[in-house]
1. Antiparallel DSSP bridges in the chain: what percent, to the nearest 5?
2. Full extension from T179 to N98: what is 0.36 nm times the residue separation minus their Cα-Cα distance, to one decimal in nm?
3. If you take the beta carbon distance between V120 and M53 as r and set R0 to 41 Å, what does 1/(1 + (r/R0)^6) give as a FRET efficiency, to the nearest 0.05?
4. Compare the Cα positions of G287, V384, V45 along the charge dipole of the chain (+1 at Cβ of Lys, Arg; -1 at Cβ of Asp, Glu; about the Cα centre) and return the one farthest towards the positive end.
5. Using bins 5 angstrom wide from zero, how does P(r) for segment 137-235 break down, in % of all Cα pairs?
6. Determine, from the Cβ-Cβ distance of S5 and E278 and an R0 of 60 Å, the FRET efficiency 1/(1 + (r/R0)^6), rounded to the nearest 0.05.
7. Take the Cα coordinates of the chain, assign each an equal point scatterer, and use the Debye formula without solvent to give log10 I(q)/I(0) at q = 0.08, 0.09 Å⁻¹.
8. Have a look at T413, T295, T95 and tell me which one the Gaussian network model of the chain (Cα, springs below 10 Å) gives the largest fluctuation.
Amino acid sequence: MSNESHAYRARILHFVDNPLNAGDQAWQYFEDGILWVENGYIRSVGHAVDQLMTLPTYVSIDNYSDHLIIPGFIDTHIHYPQIEMIGAYGEQLLTWLNNYTFPTESQFGDSAYAARISSVFTDELLRNGTTTALVFGTVHPASVNAFFSEAQQRGLRMIAGKVMMDRNAPEEICDTPETGYHHSKRLIERWHGVDRLQYAITPRFAPTSSYEQLEKIAYLFKQYQGLYMHTHLSENTNEVAWALQLFPEATRYLDIYDNYGLLTPRSVFAHGVHLCDEECRRLAETGSSIAHCPTSNLFLGSGLINLNQLFQHGVSVGLGTDIGGGTSFSMFKTMDEAYKIQQLRGATLDPFQALYMATLGGAKALDLDTRIGSFRLNNEADFVILDLQATPLLKFRTPYCKSLRDLLFVLNTLGDDRVVKRTYSLGRCVHNRDGATHL
Ligand code: GUN
Ligand code: ZN
């Protein structure tokens, strides 16, 4: 944590509510604003003219004209071990898992290897302005120890867990109901609630867990306060058919998890591309969330999610990159593809709604909206400074924007990692595009 009081003057935008509920009241925008951060937490945000009247004289102000400050991005679904195989050619989910994913993940019993990949992965998150992520490890406890060590060293707020899977995968990356339970328990006791780290129980997806394993998972989930449950759901039609074949008592895919009490406000299901109304209703009723992963859904040919169906049922939806099924760490690219998916459905996605899902909506999906995702008083100061002139095309295009909505949409469409000038975590600069990072 930084032992300082510091203010940042720029355009500032953050959400205080979901635009679906609150319309234009859902966000606050200060064309010339000041964000005041003290000892790692938000002290105030507002118009510069007002802030300048009250800011103590000891607070130094950094000026960023033609920049936009927003809360750090929140990635609600990503696999850190898969960075090595991002962009693997030519398959849909089930063959992609067998041909690329499982061989790659088999290497993570090696702590040194896991540490090296964790470091590259975390650099990449921060370069893209992502300050919190819900992260899959592999079946090996070493994978989670390596990732949490890296995140702890950098003072980041991260959630992760060891994959649990005891069938339908190569033996060397399977656990058993007993080892999966005991290894997860040990990791929970070592990491859950330590600094800014939290643990997610992580069954890969229903087809790779036996009934016995799901029973152990249900038991473990109740044993500790504040744990997350993170898995995949209804991503691909062949996967859905297979899951229902393996669990014949389930009428719908979601029932498999529901039957074990795994639907809670701390449950995050990646994808949910092929859901019926009843499944949406049950997700909303239990406060469970969907992590929508557009670049992955397109890359793996999984399908075009019906976001309006989820919104109409009141399901909480965050955005995920799903690296390495997904093809970019950038939340700009993710918002861009999310929009295009809705276009292909004959619908649209408002840029405010997209940015909400990438920030406060993601925090809500992770049940962390009282700590991150907005510039509320006393929130943790995780934020990014975006350069609106980062590329020649943006520099040329942005002056033609007639409104904030126009500007956001252009940013979503043309933006990428080059736009992220600086990333701050708990008030400290953890990525500086143009020079040294002060860790
Ligand atoms: N379903 C089960 N495992 C995976 C995975 O690693 N990636 C994706 N996209 N879907 C999955
Ligand atoms: Zn995934």
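1. Among the beta bridges of the chain, antiparallel pairing accounts for roughly 45 percent.
2. Numbers: separation 81, 0.36 × 81 = 29.16 nm, distance 2.27 nm.
Result for the pair: 26.9 nm of gain on full extension.
3. Numbers: r = 46 Å, r/R0 = 1.11.
Approximately 0.35, to the nearest 0.05.
4. Checking the options against the dipole of the chain, the answer is V45.
5. For segment 137-235, the pair-distance distribution reads 2, 14, 27, 25, 18, 10, 4, 0.
6. 0.70
7. The calculated log intensity ratios at q = 0.08, 0.09 Å⁻¹ are -0.42, -0.53.
8. Comparing T413, T295, T95 in the GNM, the peak value goes to T95.
Values in this text are rule-based calculations from the coordinates and carry no lab data. Quick caveat: nothing in here was measured; it's all calculated off a predicted structure. When we count neighbours, we look across all protein chains shown, and the Cβ atoms used for this are built from the backbone with ideal geometry, even at glycine.
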